[in-house]
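Engineer: Just passing along the structure, written as C-alpha coordinates.
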Amino acid sequence: MYSALARSDIADIVEKVQAHERLSFEDGVRLFESNDITAIGCAADMVRRRLNGNKTYYIVNRHINHTDVCKNRCKFCAYSRSEGEDGAYMMSVAEVVARAEELYQDLKFTELHIVGGLHPTLPFEYYTEMLSALRARFPEVHLQAFTAVEIAHIAEIGALSVEECMRRLKEAGLGSLPGGGAEVFAPEVRNRICPEKMAGDDWLSVMRAAHNLGLRSNATMLYGHVENAEDRADHLLRLRNLQDETGGFMSFIPLRFHADNTNLAHLARPRSGIDDLKSVAVSRLMLDNFPHVKVFWIMFGLKLAQVALSFGADDFDGTVVEEKITHRAGAETPEGLTVADIRRLIEETGTAPVERDTLYREVTHEEQAVG
Ligand code: V47
Ligand code: SF4
(Lines give C-alpha, C1' and ligand atoms only; values in the text may rest on other atoms or scores of the structure.)
(Ligands and ions follow the chains in the order given, each with its own letter.)
Protein backbone atom coordinates (compact mmCIF):
# COMPACT_ATOMS: atom_id res chain seq x y z
CA MET A 1 0.00 0.00 0.00
CA TYR A 2 1.22 3.55 -0.71
CA SER A 3 2.43 5.15 2.53
CA ALA A 4 -0.18 7.92 2.17
CA LEU A 5 -2.88 5.23 2.05
CA ALA A 6 -1.41 3.42 5.03
CA ARG A 7 -1.71 6.61 7.11
CA SER A 8 -5.29 7.25 6.03
CA ASP A 9 -8.17 7.19 8.54
CA ILE A 10 -9.79 4.64 6.25
CA ALA A 11 -6.69 2.46 5.68
CA ASP A 12 -8.46 -0.59 7.17
CA ILE A 13 -11.38 -0.14 4.75
CA VAL A 14 -9.02 0.17 1.78
CA GLU A 15 -7.40 -3.08 2.92
CA LYS A 16 -10.81 -4.78 2.93
CA VAL A 17 -11.42 -3.56 -0.62
CA GLN A 18 -8.03 -4.90 -1.70
CA ALA A 19 -8.92 -8.25 -0.15
CA HIS A 20 -12.32 -8.29 -1.97
CA GLU A 21 -14.15 -8.17 1.38
CA ARG A 22 -17.67 -6.81 1.57
CA LEU A 23 -18.00 -3.44 3.35
CA SER A 24 -20.37 -2.95 6.29
CA PHE A 25 -22.85 -0.19 7.14
CA GLU A 26 -20.27 1.29 9.55
CA ASP A 27 -17.65 1.28 6.77
CA GLY A 28 -20.09 3.17 4.55
CA VAL A 29 -20.72 5.82 7.20
CA ARG A 30 -16.99 6.24 7.83
CA LEU A 31 -16.32 6.59 4.10
CA PHE A 32 -18.97 9.30 3.71
CA GLU A 33 -17.56 11.09 6.79
CA SER A 34 -13.91 10.81 5.80
CA ASN A 35 -12.17 13.69 4.08
CA ASP A 36 -9.53 11.45 2.54
CA ILE A 37 -10.95 11.73 -0.95
CA THR A 38 -7.68 10.49 -2.46
CA ALA A 39 -7.81 7.18 -0.58
CA ILE A 40 -11.55 6.76 -1.26
CA GLY A 41 -11.04 7.50 -4.97
CA CYS A 42 -8.04 5.20 -5.21
CA ALA A 43 -10.01 2.29 -3.72
CA ALA A 44 -13.04 2.99 -5.93
CA ASP A 45 -10.86 3.15 -9.05
CA MET A 46 -9.39 -0.23 -8.09
CA VAL A 47 -12.90 -1.73 -8.03
CA ARG A 48 -13.93 0.05 -11.24
CA ARG A 49 -10.90 -1.41 -13.04
CA ARG A 50 -11.48 -4.85 -11.55
CA LEU A 51 -15.03 -4.86 -12.92
CA ASN A 52 -14.81 -2.83 -16.11
CA GLY A 53 -11.12 -2.39 -16.93
CA ASN A 54 -10.32 0.78 -18.83
CA LYS A 55 -13.69 0.89 -20.59
CA THR A 56 -16.07 3.82 -20.22
CA TYR A 57 -19.53 3.09 -21.56
CA TYR A 58 -21.89 5.54 -23.21
CA ILE A 59 -25.22 5.22 -24.97
CA VAL A 60 -26.86 6.99 -27.89
CA ASN A 61 -30.20 7.88 -26.35
CA ARG A 62 -32.94 10.47 -26.21
CA HIS A 63 -34.87 11.52 -23.14
CA ILE A 64 -38.55 12.38 -23.41
CA ASN A 65 -40.57 13.82 -20.53
CA HIS A 66 -44.17 13.31 -21.62
CA THR A 67 -45.82 15.38 -18.88
CA ASP A 68 -44.78 17.60 -16.00
CA VAL A 69 -48.20 17.36 -14.33
CA CYS A 70 -47.70 15.52 -11.07
CA LYS A 71 -49.88 14.93 -8.04
CA ASN A 72 -46.88 14.38 -5.73
CA ARG A 73 -45.18 17.79 -5.94
CA CYS A 74 -42.00 16.64 -4.16
CA LYS A 75 -40.29 19.54 -2.41
CA PHE A 76 -37.00 19.02 -4.25
CA CYS A 77 -38.62 19.00 -7.69
CA ALA A 78 -38.62 22.13 -9.85
CA TYR A 79 -39.95 20.23 -12.84
CA SER A 80 -43.48 19.31 -11.75
CA ARG A 81 -46.63 21.41 -12.09
CA SER A 82 -50.22 21.05 -10.98
CA GLU A 83 -52.90 20.65 -13.64
CA GLY A 84 -53.78 24.04 -15.15
CA GLU A 85 -50.73 25.80 -13.65
CA ASP A 86 -48.48 27.94 -15.86
CA GLY A 87 -46.00 25.75 -17.71
CA ALA A 88 -47.99 22.54 -17.21
CA TYR A 89 -47.99 20.34 -20.31
CA MET A 90 -48.99 16.89 -21.45
CA MET A 91 -47.92 15.33 -24.72
CA SER A 92 -50.35 13.13 -26.66
CA VAL A 93 -49.09 9.75 -27.87
CA ALA A 94 -48.75 11.24 -31.38
CA GLU A 95 -46.68 14.10 -29.96
CA VAL A 96 -44.39 11.70 -28.11
CA VAL A 97 -43.78 9.76 -31.34
CA ALA A 98 -43.24 13.00 -33.27
CA ARG A 99 -40.73 14.22 -30.63
CA ALA A 100 -38.78 10.97 -30.98
CA GLU A 101 -38.99 11.24 -34.78
CA GLU A 102 -37.54 14.79 -34.86
CA LEU A 103 -33.96 13.70 -34.52
CA TYR A 104 -33.97 10.09 -35.55
CA GLN A 105 -32.72 10.79 -39.07
CA ASP A 106 -29.58 12.42 -37.66
CA LEU A 107 -29.13 10.46 -34.44
CA LYS A 108 -29.90 6.75 -34.60
CA PHE A 109 -30.50 6.37 -30.88
CA THR A 110 -30.73 2.85 -29.46
CA GLU A 111 -32.72 3.90 -26.38
CA LEU A 112 -35.65 6.15 -25.57
CA HIS A 113 -35.67 7.13 -21.89
CA ILE A 114 -39.17 8.21 -20.89
CA VAL A 115 -40.14 9.60 -17.50
CA GLY A 116 -42.79 12.07 -16.39
CA GLY A 117 -45.00 13.20 -13.53
CA LEU A 118 -47.85 11.28 -11.93
CA HIS A 119 -50.66 12.69 -14.06
CA PRO A 120 -53.91 12.37 -12.11
CA THR A 121 -56.28 11.79 -15.03
CA LEU A 122 -54.42 10.15 -17.95
CA PRO A 123 -55.90 6.67 -18.44
CA PHE A 124 -53.95 3.40 -18.28
CA GLU A 125 -54.29 2.99 -22.07
CA TYR A 126 -52.26 6.17 -22.62
CA TYR A 127 -49.17 4.33 -21.37
CA THR A 128 -49.71 1.09 -23.30
CA GLU A 129 -50.58 3.02 -26.46
CA MET A 130 -47.46 5.18 -26.11
CA LEU A 131 -45.24 2.10 -25.83
CA SER A 132 -46.98 0.24 -28.70
CA ALA A 133 -46.79 3.28 -30.99
CA LEU A 134 -43.08 3.78 -30.24
CA ARG A 135 -42.35 0.10 -30.70
CA ALA A 136 -44.17 0.09 -34.06
CA ARG A 137 -42.24 3.14 -35.30
CA PHE A 138 -38.84 2.28 -33.75
CA PRO A 139 -38.74 -1.53 -33.52
CA GLU A 140 -34.97 -1.58 -32.90
CA VAL A 141 -35.04 0.97 -30.08
CA HIS A 142 -35.11 -0.11 -26.42
CA LEU A 143 -37.85 1.63 -24.42
CA GLN A 144 -36.61 2.40 -20.92
CA ALA A 145 -39.62 4.00 -19.31
CA PHE A 146 -41.41 4.91 -16.09
CA THR A 147 -39.77 4.97 -12.67
CA ALA A 148 -40.99 2.59 -9.95
CA VAL A 149 -43.05 5.50 -8.61
CA GLU A 150 -44.76 5.97 -11.97
CA ILE A 151 -45.35 2.22 -12.28
CA ALA A 152 -47.21 2.16 -8.93
CA HIS A 153 -49.27 5.17 -10.09
CA ILE A 154 -50.09 3.64 -13.49
CA ALA A 155 -51.13 0.40 -11.75
CA GLU A 156 -53.45 2.36 -9.47
CA ILE A 157 -54.95 4.23 -12.44
CA GLY A 158 -55.56 0.89 -14.19
CA ALA A 159 -56.83 -0.79 -10.97
CA LEU A 160 -54.18 -3.47 -11.46
CA SER A 161 -51.53 -5.05 -9.27
CA VAL A 162 -48.04 -3.72 -10.03
CA GLU A 163 -47.15 -7.16 -11.43
CA GLU A 164 -50.10 -7.20 -13.85
CA CYS A 165 -49.47 -3.57 -14.76
CA MET A 166 -45.84 -4.27 -15.67
CA ARG A 167 -46.82 -7.45 -17.54
CA ARG A 168 -49.13 -5.37 -19.76
CA LEU A 169 -46.59 -2.58 -20.20
CA LYS A 170 -43.98 -5.18 -21.13
CA GLU A 171 -46.33 -6.71 -23.69
CA ALA A 172 -46.79 -3.23 -25.15
CA GLY A 173 -43.03 -2.72 -25.52
CA LEU A 174 -41.51 -1.75 -22.17
CA GLY A 175 -37.87 -2.87 -22.13
CA SER A 176 -36.57 -1.81 -18.70
CA LEU A 177 -37.10 0.67 -15.87
CA PRO A 178 -35.00 3.78 -15.17
CA GLY A 179 -33.73 4.24 -11.64
CA GLY A 180 -35.53 7.43 -10.57
CA GLY A 181 -37.81 7.94 -7.60
CA ALA A 182 -35.55 6.21 -5.06
CA GLU A 183 -34.37 9.54 -3.54
CA VAL A 184 -33.25 8.51 -0.02
CA PHE A 185 -35.12 5.56 1.51
CA ALA A 186 -34.93 6.65 5.19
CA PRO A 187 -38.53 7.57 6.20
CA GLU A 188 -37.51 10.73 8.17
CA VAL A 189 -35.72 12.10 5.10
CA ARG A 190 -38.53 11.13 2.74
CA ASN A 191 -41.08 12.85 4.99
CA ARG A 192 -39.12 16.06 4.75
CA ILE A 193 -38.33 16.11 1.03
CA CYS A 194 -41.19 14.19 -0.63
CA PRO A 195 -43.95 13.42 1.85
CA GLU A 196 -46.42 12.31 -0.85
CA LYS A 197 -44.06 9.89 -2.55
CA MET A 198 -44.32 6.11 -2.09
CA ALA A 199 -42.25 4.73 0.81
CA GLY A 200 -38.74 3.44 0.18
CA ASP A 201 -39.82 -0.14 0.91
CA ASP A 202 -42.55 0.16 -1.73
CA TRP A 203 -40.03 1.45 -4.28
CA LEU A 204 -37.92 -1.63 -3.56
CA SER A 205 -40.99 -3.91 -3.86
CA VAL A 206 -41.82 -2.56 -7.33
CA MET A 207 -38.22 -3.17 -8.39
CA ARG A 208 -38.30 -6.70 -6.95
CA ALA A 209 -41.47 -7.41 -8.94
CA ALA A 210 -39.93 -5.91 -12.11
CA HIS A 211 -36.82 -8.06 -11.78
CA ASN A 212 -38.95 -11.16 -11.16
CA LEU A 213 -40.77 -10.43 -14.43
CA GLY A 214 -37.44 -10.27 -16.26
CA LEU A 215 -37.35 -6.47 -16.51
CA ARG A 216 -33.92 -5.06 -15.63
CA SER A 217 -33.61 -1.64 -14.02
CA ASN A 218 -31.31 1.04 -12.66
CA ALA A 219 -31.24 2.62 -9.20
CA THR A 220 -30.51 6.15 -8.00
CA MET A 221 -29.91 8.18 -4.85
CA LEU A 222 -30.73 11.89 -4.67
CA TYR A 223 -28.12 13.36 -2.33
CA GLY A 224 -27.10 16.78 -1.06
CA HIS A 225 -30.20 17.98 0.81
CA VAL A 226 -31.11 16.96 4.39
CA GLU A 227 -29.68 13.44 4.47
CA ASN A 228 -26.67 12.42 6.60
CA ALA A 229 -23.94 9.80 6.18
CA GLU A 230 -26.05 7.13 7.94
CA ASP A 231 -28.98 7.74 5.58
CA ARG A 232 -26.71 7.40 2.56
CA ALA A 233 -25.09 4.18 3.79
CA ASP A 234 -28.50 2.74 4.68
CA HIS A 235 -29.79 3.57 1.18
CA LEU A 236 -26.89 1.82 -0.51
CA LEU A 237 -27.17 -1.25 1.71
CA ARG A 238 -30.87 -1.66 0.99
CA LEU A 239 -30.10 -1.59 -2.72
CA ARG A 240 -27.26 -4.08 -2.27
CA ASN A 241 -29.58 -6.45 -0.36
CA LEU A 242 -32.18 -6.40 -3.13
CA GLN A 243 -29.48 -6.92 -5.74
CA ASP A 244 -28.25 -9.99 -3.79
CA GLU A 245 -31.79 -11.32 -4.06
CA THR A 246 -32.65 -10.55 -7.71
CA GLY A 247 -29.52 -9.50 -9.61
CA GLY A 248 -31.77 -7.25 -11.70
CA PHE A 249 -30.02 -3.88 -11.32
CA MET A 250 -27.70 -2.79 -14.11
CA SER A 251 -26.34 0.51 -12.88
CA PHE A 252 -26.42 2.89 -9.96
CA ILE A 253 -26.62 6.63 -10.59
CA PRO A 254 -25.95 9.17 -7.81
CA LEU A 255 -28.06 12.27 -8.53
CA ARG A 256 -26.81 15.53 -7.12
CA PHE A 257 -29.63 17.74 -5.78
CA HIS A 258 -30.11 21.00 -7.73
CA ALA A 259 -31.93 23.51 -5.55
CA ASP A 260 -32.99 26.39 -7.84
CA ASN A 261 -36.75 26.97 -8.08
CA THR A 262 -37.51 24.23 -5.54
CA ASN A 263 -39.18 24.36 -2.13
CA LEU A 264 -35.88 23.27 -0.60
CA ALA A 265 -33.91 26.17 -2.09
CA HIS A 266 -33.38 27.56 1.43
CA LEU A 267 -31.34 24.45 2.24
CA ALA A 268 -28.93 25.02 -0.61
CA ARG A 269 -25.44 25.36 0.78
CA PRO A 270 -22.25 25.86 -1.15
CA ARG A 271 -20.95 22.38 -1.78
CA SER A 272 -17.68 21.33 -3.25
CA GLY A 273 -17.25 18.82 -6.03
CA ILE A 274 -15.65 16.60 -3.42
CA ASP A 275 -19.05 15.52 -2.11
CA ASP A 276 -20.05 14.56 -5.66
CA LEU A 277 -16.89 12.51 -6.16
CA LYS A 278 -17.42 10.90 -2.78
CA SER A 279 -20.96 9.89 -3.71
CA VAL A 280 -19.67 8.15 -6.85
CA ALA A 281 -16.72 6.50 -5.13
CA VAL A 282 -18.52 5.31 -1.99
CA SER A 283 -21.34 3.91 -4.13
CA ARG A 284 -18.79 1.98 -6.17
CA LEU A 285 -17.28 0.60 -2.97
CA MET A 286 -20.51 -0.32 -1.17
CA LEU A 287 -22.43 -1.68 -4.19
CA ASP A 288 -20.06 -4.54 -4.88
CA ASN A 289 -22.80 -6.46 -6.72
CA PHE A 290 -23.75 -3.64 -9.13
CA PRO A 291 -21.96 -4.07 -12.45
CA HIS A 292 -21.93 -0.34 -13.28
CA VAL A 293 -21.88 3.12 -11.70
CA LYS A 294 -23.02 5.88 -13.98
CA VAL A 295 -22.09 9.54 -13.86
CA PHE A 296 -25.04 11.50 -15.26
CA TRP A 297 -22.98 14.33 -16.78
CA ILE A 298 -26.04 16.60 -16.89
CA MET A 299 -26.04 16.80 -13.10
CA PHE A 300 -22.25 16.71 -12.55
CA GLY A 301 -21.05 19.14 -15.16
CA LEU A 302 -18.69 17.94 -17.86
CA LYS A 303 -15.34 18.42 -16.16
CA LEU A 304 -16.35 16.86 -12.84
CA ALA A 305 -18.01 14.01 -14.75
CA GLN A 306 -14.65 13.36 -16.41
CA VAL A 307 -12.93 13.24 -13.01
CA ALA A 308 -15.64 10.87 -11.72
CA LEU A 309 -14.36 8.31 -14.24
CA SER A 310 -11.25 8.02 -12.01
CA PHE A 311 -13.43 7.79 -8.87
CA GLY A 312 -15.42 4.66 -9.62
CA ALA A 313 -17.77 5.55 -12.48
CA ASP A 314 -17.51 3.52 -15.69
CA ASP A 315 -20.52 4.90 -17.56
CA PHE A 316 -20.96 8.42 -18.94
CA ASP A 317 -24.68 8.01 -19.78
CA GLY A 318 -25.58 9.39 -23.18
CA THR A 319 -26.52 11.95 -25.76
CA VAL A 320 -29.81 12.70 -23.89
CA VAL A 321 -30.78 15.51 -26.36
CA GLU A 322 -33.45 17.14 -24.22
CA GLU A 323 -33.52 17.36 -20.40
CA LYS A 324 -36.00 19.28 -18.30
CA ILE A 325 -35.89 17.88 -14.76
CA THR A 326 -32.45 19.17 -13.78
CA HIS A 327 -32.50 22.21 -16.05
CA ARG A 328 -35.62 23.60 -14.41
CA ALA A 329 -33.66 23.24 -11.13
CA GLY A 330 -30.70 25.27 -12.36
CA ALA A 331 -28.37 22.85 -14.19
CA GLU A 332 -25.85 24.76 -16.30
CA THR A 333 -24.77 21.86 -18.51
CA PRO A 334 -26.01 21.56 -22.10
CA GLU A 335 -29.21 19.53 -22.56
CA GLY A 336 -27.54 17.13 -24.94
CA LEU A 337 -24.14 16.12 -26.32
CA THR A 338 -23.10 14.73 -29.68
CA VAL A 339 -21.52 11.29 -29.92
CA ALA A 340 -18.25 12.94 -31.01
CA ASP A 341 -18.30 15.16 -27.89
CA ILE A 342 -18.92 12.21 -25.59
CA ARG A 343 -16.16 10.11 -27.16
CA ARG A 344 -13.74 13.05 -26.94
CA LEU A 345 -14.63 13.78 -23.29
CA ILE A 346 -14.04 10.12 -22.40
CA GLU A 347 -10.82 9.85 -24.42
CA GLU A 348 -9.46 12.94 -22.65
CA THR A 349 -9.58 10.95 -19.39
CA GLY A 350 -7.36 8.20 -20.78
CA THR A 351 -10.16 5.61 -20.72
CA ALA A 352 -11.63 3.88 -23.77
CA PRO A 353 -15.09 4.93 -24.99
CA VAL A 354 -17.36 1.96 -25.68
CA GLU A 355 -20.86 2.40 -27.07
CA ARG A 356 -23.37 0.16 -25.27
CA ASP A 357 -27.06 -0.52 -25.58
CA THR A 358 -29.40 -0.26 -22.59
CA LEU A 359 -28.53 -3.78 -21.41
CA TYR A 360 -24.77 -3.05 -21.63
CA ARG A 361 -24.16 -5.07 -24.78
CA GLU A 362 -21.44 -3.44 -26.84
CA VAL A 363 -22.77 -1.84 -30.03
CA THR A 364 -20.77 -2.31 -33.20
CA HIS A 365 -21.56 -0.32 -36.31
CA GLU A 366 -21.15 -2.30 -39.51
CA GLU A 367 -19.12 -0.50 -42.17
CA GLN A 368 -21.24 0.69 -45.08
CA ALA A 369 -20.77 -1.66 -48.06
CA VAL A 370 -18.88 0.16 -50.80
CA GLY A 371 -19.84 -0.13 -54.51
O1 V47 B 1 -36.58 10.66 -9.69
C2 V47 B 1 -35.83 15.52 -9.42
C3 V47 B 1 -34.39 13.45 -9.65
C4 V47 B 1 -34.97 11.79 -11.07
C5 V47 B 1 -34.30 16.99 -8.96
O6 V47 B 1 -31.96 5.32 -14.83
C7 V47 B 1 -33.68 15.77 -9.21
O8 V47 B 1 -30.36 5.74 -16.24
C9 V47 B 1 -31.62 16.72 -8.84
O10 V47 B 1 -33.93 9.15 -12.36
N11 V47 B 1 -32.16 17.91 -8.56
C12 V47 B 1 -35.31 11.51 -12.51
N13 V47 B 1 -32.36 15.61 -9.15
C14 V47 B 1 -34.04 11.29 -13.33
C15 V47 B 1 -33.50 9.90 -13.20
C16 V47 B 1 -32.43 9.42 -14.09
C17 V47 B 1 -31.61 10.31 -14.72
C18 V47 B 1 -30.63 9.82 -15.58
C19 V47 B 1 -30.47 8.48 -15.80
C20 V47 B 1 -31.33 7.59 -15.15
C21 V47 B 1 -31.21 6.12 -15.42
C22 V47 B 1 -32.31 8.05 -14.29
O23 V47 B 1 -34.40 13.08 -10.98
C24 V47 B 1 -36.09 11.87 -10.08
C25 V47 B 1 -35.40 12.58 -8.93
O26 V47 B 1 -34.71 11.68 -8.12
N27 V47 B 1 -34.66 14.89 -9.46
N28 V47 B 1 -35.63 16.83 -9.10
C29 V47 B 1 -33.48 18.10 -8.60
N30 V47 B 1 -34.01 19.29 -8.30
FE1 SF4 C 1 -43.52 14.24 -9.40
FE2 SF4 C 1 -41.26 12.92 -9.81
FE3 SF4 C 1 -41.19 15.60 -9.51
FE4 SF4 C 1 -41.76 14.02 -7.43
S5 SF4 C 1 -39.81 14.08 -8.56
S6 SF4 C 1 -42.89 15.88 -8.06
S7 SF4 C 1 -42.89 12.35 -8.37
S8 SF4 C 1 -42.18 14.49 -11.18
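Engineer: Determine whether Asn261 is in contact (Cβ under 8 Å) with a residue 12 or more places away in the chain, in a loop (DSSP other than H, G, I, E, B) and either within 16 Å of ligand 2 (Cβ to nearest atom) or in contact with a Pro (Cβ under 8 Å, 6 or more places away or on another chain) (or both). Working first, answer last.
Structural biologist: Details: in contact (Cβ under 8 Å) with a residue 12 or more places away in the chain: yes; in a loop (DSSP other than H, G, I, E, B): yes; either within 16 Å of ligand 2 (Cβ to nearest atom) or in contact with a Pro (Cβ under 8 Å, 6 or more places away or on another chain) (or both): yes.
It is true that Asn261 is in contact (Cβ under 8 Å) with a residue 12 or more places away in the chain, in a loop (DSSP other than H, G, I, E, B) and either within 16 Å of ligand 2 (Cβ to nearest atom) or in contact with a Pro (Cβ under 8 Å, 6 or more places away or on another chain) (or both).
Engineer: Now a separate question. How many residues does the stretch 342-365 contain that are in a helix (DSSP H, G or I), touching a residue at least 60 places away in the same chain (Cβ under 8 Å) and over 19 Å from Leu51 (Cβ atoms)? Working first, answer last.
Structural biologist: To start, the set of residues in the stretch 342-365 that are in a helix (DSSP H, G or I) comprises 342-347.
Now narrow it down to the ones that are touching a residue at least 60 places away in the same chain (Cβ under 8 Å): 342-343, 346.
Narrowing the set further to residues that are over 19 Å from Leu51 (Cβ atoms) leaves 342-343.
Residues meeting the conditions: 2.
Engineer: For the stretch 124-155, which residues satisfy the criterion of being within 12 Å of ligand 1 (Cβ to nearest atom), assigned to a helix (DSSP H, G or I) and without any contact (Cβ under 8 Å) to a residue 40 or more places away in the chain?
Structural biologist: Glu150
Engineer: Given the residues Leu107, Leu103, Leu112, which is the only one that is more than 11 Å from ligand 1 (Cβ to nearest atom), of a type outside the set (Ser, Thr, Tyr), under 22 Å from Ala331 (Cα atoms) and surrounded by 14 or more Cβ atoms within 10 Å (Cβ to Cβ)? Lay out the reasoning, then the answer.
Structural biologist: Details: Leu107 fails: under 22 Å from Ala331 (Cα atoms); Leu103 fails: under 22 Å from Ala331 (Cα atoms).
Leu112 is the lone residue from the list that is more than 11 Å from ligand 1 (Cβ to nearest atom), of a type outside the set (Ser, Thr, Tyr), under 22 Å from Ala331 (Cα atoms) and surrounded by 14 or more Cβ atoms within 10 Å (Cβ to Cβ).
Engineer: Can you tell me which residues in the stretch 115-129 are under 22 Å from the mean Cα position of the chain (by Cα) and away from ligand 2 (no atom under 14 Å from the Cβ)? So that I can check it myself, show each step before the final result.
Structural biologist: Keep residues of the stretch 115-129 that are under 22 Å from the mean Cα position of the chain (by Cα), which gives 115-119, 127.
The one that is under 22 Å from the mean Cα position of the chain (by Cα) and away from ligand 2 (no atom under 14 Å from the Cβ): Tyr127.
Engineer: Can you tell me how many residues within the stretch 249-283 are within 21 Å of Arg48 (Cβ to Cβ) and over 14 Å from the mean Cα position of the chain (by Cα)?
Structural biologist: Taking the stretch 249-283 first, the residues within 21 Å of Arg48 (Cβ to Cβ) are 249-256, 273-283.
Checking the rest, the ones that are also over 14 Å from the mean Cα position of the chain (by Cα) come to 273-278, 281-282.
The qualifying residues number 8.
Engineer: Moving on. When the stretch 170-194 is examined, which residues are found to be among the aliphatic types (A, V, I, L, M) and either closer than 29 Å to Val226 by Cα or within 16 Å of ligand 1 (Cβ to nearest atom) (or both)?
Structural biologist: Here is the first cut: in the stretch 170-194, the residues among the aliphatic types (A, V, I, L, M) are 172, 174, 177, 182, 184, 186, 189, 193.
Listed by number, the residues that qualify are Leu174, Leu177, Ala182, Val184, Ala186, Val189, Ile193.
Engineer: Residues in the stretch 102-118 that are modelled with pLDDT under 95 and not in a loop (DSSP other than H, G, I, E, B): how many?
Structural biologist: 3
Engineer: Determine which single condition Leu23 fails, assuming it passes every other condition in (1) under 21 Å from Arg232 (Cα atoms); (2) hydrophobic (A, V, I, L, M, F, W, C); (3) in a helix (DSSP H, G or I); (4) in contact with a helix residue (DSSP H, G or I) (Cβ under 6 Å, 6 or more places away or on another chain).
Structural biologist: (3)
Engineer: Is there any pair with a first residue in the stretch 36-47 that is closer than 14 Å to Ala313 by Cβ and a second that is basic (Lys, Arg) whose Cβ atoms are under 7 Å apart and which are 6 or more apart or on different chains, and what are they?
Structural biologist: Pairs found: Ile40/Lys278; Ala44/Arg284; Val47/Arg284.
Engineer: Look through the stretch 325-351, keep the residues that are within 13 Å of Gln306 (Cβ to Cβ), surrounded by fewer than 17 Cβ atoms within 10 Å (Cβ to Cβ) and of a type outside the set (Gly, Ala, Ser), and return whichever of them is nearest to ligand 1 (Cβ to nearest atom). Working first, answer last.
Structural biologist: Residues of the stretch 325-351 that are within 13 Å of Gln306 (Cβ to Cβ), as a first pass: 333, 337, 341-351.
Remaining after also requiring surrounded by fewer than 17 Cβ atoms within 10 Å (Cβ to Cβ): 341, 344, 347-348, 350.
Within this subset, residues satisfying the condition of being of a type outside the set (Gly, Ala, Ser) are 341, 344, 347-348.
Details: Asp341: 18, Arg344: 21, Glu347: 22, Glu348: 22 Å.
Among residues in the stretch 325-351 that are within 13 Å of Gln306 (Cβ to Cβ), surrounded by fewer than 17 Cβ atoms within 10 Å (Cβ to Cβ) and of a type outside the set (Gly, Ala, Ser), the one nearest to ligand 1 (Cβ to nearest atom) is Asp341.
Engineer: So, one more: Please go through the stretch 310-341 and give me each residue that is among the aliphatic types (A, V, I, L, M) and assigned to a helix (DSSP H, G or I), ordered by number. It would help to see each step written out before you state the result.
Structural biologist: Start the filter on the stretch 310-341 by keeping residues that are among the aliphatic types (A, V, I, L, M), which leaves 313, 320-321, 325, 329, 331, 337, 339-340.
Across the stretch 310-341, the qualifying residues are Ala329, Val339, Ala340.
Engineer: Taking the conditions exactly as written (of a type in the set (Ser, Thr, Tyr), more than 30 Å from His20 (Cα to Cα) and part of a loop (DSSP other than H, G, I, E, B)), does Thr121 satisfy them or not? Walk me through how you get there before you give the answer.
Structural biologist: Numbers: of a type in the set (Ser, Thr, Tyr): yes; more than 30 Å from His20 (Cα to Cα): yes; part of a loop (DSSP other than H, G, I, E, B): yes.
Taking the combined requirement at face value, the residue satisfies it.
Engineer: Something else now. Show the residue pairs that are 6+ apart or on different chains and have beta-carbon atoms under 8 Å apart, the first residue being within the stretch 280-309 and in a helix (DSSP H, G or I), the second being of a type in the set (D, E, K, R) and within 16 Å of ligand 2 (Cβ to nearest atom).
Structural biologist: Pairs found: Ile298/Glu323; Met299/Arg256; Phe300/Arg256.
Engineer: Take the residues in the stretch 58-80 that are polar (S, T, N, Q) and either more than 7 Å from ligand 2 (Cβ to nearest atom) or touching a residue at least 40 places away in the same chain (Cβ under 8 Å) (or both); name whichever of them is nearest to Arg343 (Cα to Cα). Full working, then the answer.
Structural biologist: In the first step, residues of the stretch 58-80 are kept if they are polar (S, T, N, Q); the result is 61, 65, 67, 72, 80.
Next, from what is left, pick out any that are either more than 7 Å from ligand 2 (Cβ to nearest atom) or touching a residue at least 40 places away in the same chain (Cβ under 8 Å) (or both): 61, 65, 67, 72.
On the way: Asn61: 14, Asn65: 26, Thr67: 31, Asn72: 38 Å.
Out of the qualifying residues, it is Asn61.
Engineer: Can you pull out the residues in the stretch 136-161 that are within 16 Å of ligand 2 (Cβ to nearest atom), buried (at least 20 other Cβ atoms within 10 Å of the Cβ) and among the hydrophobic types (A, V, I, L, M, F, W, C)?
Structural biologist: Residues satisfying the conditions are Ala145, Phe146, Ala148, Val149, Ile151, Ala152, Ile154, Ala155.
Engineer: Sort out which residues of the stretch 53-71 are crowded, with 17+ Cβ neighbours inside 10 Å and either among the hydroxyl-bearing types (Ser, Thr, Tyr) or in a loop (DSSP other than H, G, I, E, B) (or both), and write them in order of number.
Structural biologist: Taking the stretch 53-71 and keeping what is crowded, with 17+ Cβ neighbours inside 10 Å, we get 55-70.
Thr56, Tyr57, Tyr58, Val60, Asn65, His66, Thr67, Asp68, Cys70, listed by residue number.
Engineer: Moving on to the next point. In the set Leu255, Leu222, Leu236, which member is in contact with a strand residue (DSSP E or B) (Cβ under 8 Å, 6 or more places away or on another chain), over 18 Å from Ser176 (Cα atoms), among the hydrophobic types (A, V, I, L, M, F, W, C) and in a helix (DSSP H, G or I)? I'd like the intermediate steps shown before the answer.
Structural biologist: Working: Leu255 fails: in a helix (DSSP H, G or I); Leu222 fails: in a helix (DSSP H, G or I).
One residue alone meets the criteria, Leu236.
The values are calculated or read from the model by the stated rules, or taken from the named source; none is laboratory data. This is a predicted model, so every value here is computed, not measured. All Cβ positions, glycine included, derive from the backbone under ideal geometry; neighbour counts span all protein chains shown.
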